[in-house]
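Chemist: Mind having a look at this structure? Questions to follow.
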Amino acid sequence: MRRLITRTAAWTLSFALTGAMSVVPCAASDHKPAAPARAASSAKLTQLSPASRDLLARATSAPQQQPPATTPSTPSSFFKSKRGAVTLALMGAGTGFALWSIQHDRKPVKSPVR
Amino acid sequence: MKGIFRTAAALLLAVSCAAPVLAQALVGTIDGTIKDEQGAVLPGVTVTLTGKTGNRTAVTDAAGQYRFPALEPGLYDVSAELSGFTKAAQTSIQISPGRELNIDLTMKVQSLAESITVTGQAPVVDVKSSATENTISQSLLYSAPITRTAINVINYAPGVNNSSAYGAGAGSGNALLIDGVDTRDPEGGTAWTFYNYNMVEEYQFQGLGAPAEYGGYTGAVVNTITKSGGNRFSGLFDFFGTNDSLGSNNVDPAIAAQNPSLADPAKTTKYADITTQFGGPLKQDKLFFFASAQRFLLETDPSGPVTKRHEVSPRLNGKITWQMNANNQFTGHLQFDSYNITGRAGSVTTTDEQTVKEDAPEYVWLTQYRHIFNSNTFAEVKYTGWWGFYDLNPVQNVPEHLEVTTGQTYGSSGYYYYADRTRNQVNANITHYADKFGRHELKFGGEFERSTVRNRYGYAGGAYILDYYGVPYYGYSYSYDISGVNKRQSVFAQDAWHATNRLTINAGVRGDMIQGAGKTGGNIYSSNNWAPRVGAAFDLAGDNRTVIKGSYGRYYEGAQAVIFERGLPGVSDYVGFDVNPDGSFGDVQSVTPFVPYKLTSNIDHPAVDEETIGFERALTGTMRLSLTGIWRDNKNFVNSVPVGQAFTPVTANTDVGPQTLYKKQENSSDYLIQNVEGFQYIDINGNVIGTANPFRSYKAFMAVLNKRYTDRWQAQVSYVFAKTKGNVDNSSSAQTESRQFETPNLALVNAEGPGSNTPTHEFKVLGSYQIPVIETSVSGYFVSTSGLPYGHIQQFGSSVVGPGPSSSRRVYIEPRGAYHLPTLTQLDLRLEKNFNTGANRFGIYADLANLFNSGTVTNVVTRATSVTLRDGTTHPLPFGTPSGVQSPRQIRIGARWSF
């Protein structure tokens, strides 16, 4: 029974995740692609004084520090890109591997008290 | 004045009507004043805040002030626009939970030369907080060679290790929060649920001078903030692994000769940690998702005969953020973890047939709704919790046999153990800013907790059998099935009163009403406690760069079933019986009946009183130095005491000379759980032979230097000088549960000494540097701590100290902490070659844990014993023999792609 609950919940969660990702392109299909983020940033930078430009560049150069999304990419443009396709493929593989592991690596304890 | 009281009364009413309500609000605030170049305030300026989920705007008031409350942790930009002036902006402002950052901007009269003025770094010193906190940022987490076991990350904080935080009890005194979800075991307060290391946005270590909204701990608060989706798509794909060919052996032959069980140390044969993560918008500015899948695998060849230990943890996470509009936000987060182990061994002599399987799945959930009434008021309600169990089952469900002539065991692990847990909490809080007599940040809230604990234990196959020269002759049976419930209702009220532009008074009070009960029946434990908090922070130069601060507060421990569960029913009698040579059970020879402990009413819940004094200075725009003095005194020790039992002083011959001990006069099981302060131990004539006076104090000086990531490097350097002293050690649950006070031999004899989990000197460096041209990052973690203290224990027979379990007959024969382990030093290194193309960041990296393969002794035998190995040889292990060394050098390699 417990295994059934666990499996059901795991699958429900995975469906929810997968569903959410698959909804993205549909939900955003009527969005117009925005200007690429880097181009906008570059345009902004050209208006700055050298000192300010240096300050801004240093502040945003930290690894993994994601600058606020002043010009976000849209779901439709993202998923049509090569990066979007690779991302979806890798996410699918990773989620599938985790689900496979849940099913195959688990050794449920069998006991009269469970 | 009336306005303040009216507002406060209305807020209190709102909170009480909102019903069950604690609530650490995991949000920060950005506010500030906009001025022109002459210093005049500018009303009517449009201020725009840009974060990963979109923009928010505010207009400065007549005093030129603006405020953005209730900000999720992360990076923000602030810009100010007014016709005729050049746009002013500040970028990359890092918001952490509970921080209020003052971002003042100066606007210039517009010129053609420049259309935007970018101000420098955000403040590195919080001049309004009287608390002392340290964070490990995402950029440092990403680059550093940090151990990926989530609970071990606590080791990187100053003054904290995974054995003790600021002198508190090992593993049990810390509030471990993931996005506000209390993830601790409700039985003893230790870590229970774990998560994907790559999910973490930021670690925040609090606890020193924390305001009233924080409670349920006597050590530290570890706030773990996980990532979430935003307008920008982000992803991380990471593989990290190793095997036995990349490991080393660091056991010195001389040490192995002293303790042959160390000669065959555990080896990592396979390690593979795979993470795929993806987040972004479902609908721009409105709906965001974050998803993560991980599979963690660790296989080892343990010490001794066991051939393989297999540990696997597949985890799935899903998080949704719904920004309904600028004032309403909903967040939902669910984690599933299917943790599983096979080949779990009990000791170095365990064989494969004696291992257990561990099955420990769990769900963790969070739902949260936040409403911003206006720039002065916002409220948050959340329902959080987790469900899980932890089963240990023998691979062979047959009795374990002990061959009494050799000490060897065979058959099975000897036991099964099942632990079931749930934790449910409803939290709520409301924050209001008021501007009367200075500025006030008022916060009210509370928490409603119901947690359940169920423990089941028994002997595998129903018995534990003794053999004599291979023939079974006697057996025991014993089991328990205990269920308990923690109930807690907490409320708090606090005010950060900015009395002047430079002085902030932080005051508050917190009430924790804690009850404990069994599965049926009423409460057997009840404790109502009120904790005052007061602190002050003074901006020394009025420039947001230097602050002196101090605080006083009382902090009560969380609700823990371990305090009262010995008073619950469900334990069987302990039965001894004959066993026939063919293994069948014979006549019952002895029955030791189970007698539940009694509890007094009105127990004062364990707590710690704390005073801190601190100085912080921004050395540069990105570097902060903080100096903190800490004084802590633990209070309200709860333990079991021997009611009506008499003890007779005797002179015992110990390994180091004669020692006065106390012999228990009868085999009584009559114990009472109470605050042990003042309990008197008596002799058979009723004369007092000693009085319990439990205490533990902690004093420390802490210096921390933080450098944010700029100019290609970042670092956190810390030094802590600390002393923990008392007659109750800071080992696990010592303040709440150990049976130390059931006998004067443990309560009164050589009990006083230093805390065995607090190093006197601790030096830590965590940092990274990005080498230009070759774009390779070098990151390191260096730690050096003075050796931990330990004591000399000897076990006496019941003929000397009277009847009782062996744990009550193990006595310090020299003052506790009279000896010290050697100084421990370790360097971990990471090298990562980066390949960046556009927004894509690729990396290939290698971690070198324990680079110099140091083999310092980390544990020794404190009570003389011996070990009989599987080859049949028996080796004496006298006091002081090494019993553990550092983990050897292990190289791990990884590759990742993030954007």
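The values are calculated or read from the model by the stated rules, or taken from the named source; none is laboratory data. Every value quoted in this text rests on a predicted model; they were computed, and no experiment measured them. Quick reminder, even Gly has a Cβ in these numbers, built from the backbone with ideal geometry, and neighbours come from all protein chains shown. What goes into the accessible areas is simple: the full protein's heavy atoms, side chains included, and nothing from ligands, DNA or RNA. Shrake-Rupley method; radii C 1.70, N 1.55, O 1.52, S 1.80 Å.
Chemist: From B:G229, B:G169, grab the single residue that is assigned to a loop (DSSP other than H, G, I, E, B) and touching a strand residue (DSSP E or B) at 6+ places or on another chain (Cβ under 7 Å). Even if it seems obvious, please write down each step before you answer.
Modeler: Details: B:G169 fails: touching a strand residue (DSSP E or B) at 6+ places or on another chain (Cβ under 7 Å).
Of B:G229, B:G169, the one residue that is assigned to a loop (DSSP other than H, G, I, E, B) and touching a strand residue (DSSP E or B) at 6+ places or on another chain (Cβ under 7 Å) is B:G229.
Chemist: Scan the stretch B:659-668 residue by residue and report those that are loosely packed, with under 15 Cβ neighbours inside 10 Å and at pLDDT below 95.
Modeler: Filtering the stretch B:659-668 down to residues loosely packed, with under 15 Cβ neighbours inside 10 Å leaves B:660, B:665-667.
B:Q665, B:E666, B:N667, listed by residue number.
Chemist: Of everything in the stretch B:157-210, what is of a type in the set (D, E, K, R) and within 24 Å of B:I482 (Cβ to Cβ)? Give them in sequence order.
Modeler: Result: B:D182, B:R184, B:D185, B:E187.
Chemist: Taking only the stretch B:266-285 into account, find how many residues are away from chain A (no Cβ under 14 Å) and open to solvent by 30 Å² or more (accessible area, probe 1.4 Å). Walk me through it before giving the result.
Modeler: Filtering the stretch B:266-285 down to residues away from chain A (no Cβ under 14 Å) leaves B:266-269, B:271.
Applying the additional criterion that residues be open to solvent by 30 Å² or more (accessible area, probe 1.4 Å) yields B:266-269.
Final tally of qualifying residues: 4.
Chemist: Before we move on, is B:V41 away from chain A (no Cβ under 14 Å), modelled with pLDDT of 95 or more and under 19 Å from B:R439 (Cβ atoms)? Before the answer, list the steps.
Modeler: Values: away from chain A (no Cβ under 14 Å): yes; modelled with pLDDT of 95 or more: no; under 19 Å from B:R439 (Cβ atoms): yes.
Judged against the criteria, B:V41 is not a match.
Chemist: Here's another thing I want to ask about it. Of everything in the stretch B:360-401 that's among the aromatic types (F, W, Y) and buried (at least 20 other Cβ atoms within 10 Å of the Cβ), which residue is nearest to the other protein chains (Cβ to nearest Cβ)? Break it down into steps so the answer makes sense when it comes.
Modeler: So the first thing to find is which residues in the stretch B:360-401 are among the aromatic types (F, W, Y), and the list is B:363, B:365, B:369, B:373, B:378, B:383, B:386-387, B:389-390.
Adding the requirement that they be buried (at least 20 other Cβ atoms within 10 Å of the Cβ) leaves B:378, B:386.
Details: B:F378: 20, B:W386: 13 Å.
If we take residues in the stretch B:360-401 being among the aromatic types (F, W, Y) and buried (at least 20 other Cβ atoms within 10 Å of the Cβ), then B:W386 is nearest to the other protein chains (Cβ to nearest Cβ).
Chemist: Could you give me the residue pairs with C-beta distances under 6 Å whose first residue belongs to the stretch B:42-57 and is under 16 Å from B:K283 (Cβ atoms), whose second residue is of a type in the set (V, I, T) wherever it lies, and which are 6+ apart or on separate chains?
Modeler: Filtered contacts from the stretch B:42-57: B:N55/B:T48.
Chemist: Condition (residue is assigned to a strand (DSSP E or B), of a type in the set (G, A, S) and open to solvent by less than 50 Å² (accessible area, probe 1.4 Å)) applied to the stretch B:331-341: is it met by at least one residue? Break it down into steps so the answer makes sense when it comes.
Modeler: Within the stretch B:331-341, the first condition is being assigned to a strand (DSSP E or B), and the residues that meet it are B:331-341.
After this cut, where a residue has to be of a type in the set (G, A, S) as well, the list is B:332, B:338.
From the residues that got through so far, the ones that are open to solvent by less than 50 Å² (accessible area, probe 1.4 Å) too are B:332, B:338.
Yes.
Chemist: Being open to solvent by less than 20 Å² (accessible area, probe 1.4 Å), small (G, A, S) and within 11 Å of another protein chain (Cβ to nearest Cβ) is true for just one of B:G207, B:G229. Which residue is that?
Modeler: Selected residue: B:G229, the only one of B:G207, B:G229 that is open to solvent by less than 20 Å² (accessible area, probe 1.4 Å), small (G, A, S) and within 11 Å of another protein chain (Cβ to nearest Cβ).
Chemist: Go through the residues of the stretch B:614-625 one by one and say whether even a single one is out of contact with any Pro (no Cβ under 9 Å at 6 or more places or on another chain), closer than 20 Å to B:S164 by Cα and basic (K, R).
Modeler: No, the stretch B:614-625 contains no residue that is out of contact with any Pro (no Cβ under 9 Å at 6 or more places or on another chain), closer than 20 Å to B:S164 by Cα and basic (K, R).
Chemist: Return the residues of the stretch B:493-547 that are among the charged types (D, E, K, R) and within 23 Å of B:K443 (Cα to Cα); say none if nothing qualifies.
Modeler: Answer for the stretch B:493-547, where residues must be among the charged types (D, E, K, R) and within 23 Å of B:K443 (Cα to Cα): B:D495, B:R502, B:R510, B:D512, B:R533, B:D539.
Chemist: Also: Checking B:V509 against (1) more than 30 Å from the chain's Cα centre (by Cα); (2) open to solvent by 10 Å² or more (accessible area, probe 1.4 Å); (3) of a type outside the set (F, W, Y); (4) over 30 Å from B:L402 (Cα atoms), which test does it fail?
Modeler: Here B:V509 clears every test but (1).
Chemist: Of the residues in the stretch B:682-697, how many are in a loop (DSSP other than H, G, I, E, B) and open to solvent by 40 Å² or more (accessible area, probe 1.4 Å)?
Modeler: The number of residues fulfilling the criteria is 6.
Chemist: Return yes when B:T351 is of a type in the set (S, T, Y) and buried (at least 21 other Cβ atoms within 10 Å of the Cβ) and no when it is not.
Modeler: Taking the combined requirement at face value, the residue does not satisfy it.
Chemist: Mind checking which residues of the stretch B:832-873 are in a strand (DSSP E or B) and within 14 Å of chain A (Cβ to nearest Cβ)?
Modeler: Across the stretch B:832-873, the qualifying residues are B:E832, B:K833, B:N834, B:F835, B:N836, B:T837, B:N840, B:R841, B:F842, B:G843, B:Y845.
Chemist: For the stretch B:90-106, give me the residue count where each residue is over 21 Å from B:A496 (Cβ atoms) and crowded, with 21+ Cβ neighbours inside 10 Å.
Modeler: Taking the stretch B:90-106 as the starting set, the residues that turn out to be over 21 Å from B:A496 (Cβ atoms) are B:90-92, B:105-106.
Those still in the list that are crowded, with 21+ Cβ neighbours inside 10 Å too: B:90-92, B:105.
Of the residues in that region, 4 qualify.
Chemist: If you go through the stretch A:66-95, how many residues are out of contact with any Phe, Trp or Tyr (no Cβ under 7 Å at 6 or more places or on another chain), at the interface with another protein chain (Cβ under 7 Å from one of its Cβ atoms) and modelled with pLDDT under 80?
Modeler: Of the residues in that region, 7 qualify.
Chemist: Mind telling me which of the residues B:K308, B:K357, B:K319 ends up being farther than 25 Å from B:D420 by Cα, within 10 Å of chain A (Cβ to nearest Cβ) and either in contact with a strand residue (DSSP E or B) (Cβ under 7 Å, 6 or more places away or on another chain) or surrounded by fewer than 21 Cβ atoms within 10 Å (Cβ to Cβ) (or both)?
Modeler: When all the criteria are applied, what remains is B:K319.
Chemist: Further question: Which condition number in (1) out of contact with any Lys or Arg (no Cβ under 9 Å at 6 or more places or on another chain); (2) assigned to a strand (DSSP E or B) is the one that B:G678 fails?
Modeler: (2)
Chemist: So, of the residues in the stretch B:702-758 that are of a type in the set (K, R) and in a loop (DSSP other than H, G, I, E, B), which turns out to be most open to solvent (accessible area, probe 1.4 Å)?
Modeler: Initially, the stretch B:702-758 is screened for residues of a type in the set (K, R), giving B:707-708, B:712, B:723, B:725, B:739.
With in a loop (DSSP other than H, G, I, E, B) added as a condition, the list becomes B:712, B:739.
Details: B:R712: 76, B:R739: 106 Å².
So the residue we want is B:R739.
Chemist: Where in the stretch B:425-480 are there strands (runs of 3 or more DSSP E), lying wholly inside it, with at least 1 residues that are over 28 Å from the mean Cα position of the chain (by Cα), basic (K, R) and farther than 17 Å from B:L402 by Cβ?
Modeler: Per the criteria, B:439-459.
Chemist: Select, from B:R892, B:R896, the only residue that is open to solvent by 30 Å² or more (accessible area, probe 1.4 Å), within 30 Å of B:G280 (Cβ to Cβ), basic (K, R) and under 29 Å from the mean Cα position of the chain (by Cα).
Modeler: Matching residue, one of B:R892, B:R896: B:R892.
Chemist: Moving on. Answer yes or no as to whether B:T135 is in a strand (DSSP E or B), open to solvent by 30 Å² or more (accessible area, probe 1.4 Å) and at pLDDT 90 or above.
Modeler: no
Chemist: If you don't mind, another one. What are the pairs with Cβ atoms under 6 angstrom where one residue, in the stretch B:302-316, is closer than 16 Å to B:T275 by Cα and the other, located anywhere, is open to solvent by 30 Å² or more (accessible area, probe 1.4 Å) and hydroxyl-bearing (S, T, Y)? Sequence gap at least six, or different chains.
Modeler: If the second residue must be open to solvent by 30 Å² or more (accessible area, probe 1.4 Å) and hydroxyl-bearing (S, T, Y), the pairs left are B:S313/B:Y339.
To keep it simple, each residue is scored yes or no on (1) modelled with pLDDT of 95 or more; (2) under 21 Å from the mean Cα position of the chain (by Cα).
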| site | (1), (2) |
| --- | --- |
| B:Y681 | yes, no |
| B:N685 | no, no |
| B:A703 | yes, no |
| B:R708 | no, no |
| B:Y719 | yes, yes |
| B:K723 | yes, yes |
| B:N730 | no, yes |
| B:Q735 | no, yes |
| B:Q740 | no, no |
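Chemist: Another question, then. Being among the polar types (S, T, N, Q) and either within 27 Å of B:S137 (Cα to Cα) or open to solvent by 40 Å² or more (accessible area, probe 1.4 Å) (or both) narrows it down to one residue among B:N639, B:N602; which is it?
Modeler: B:N602
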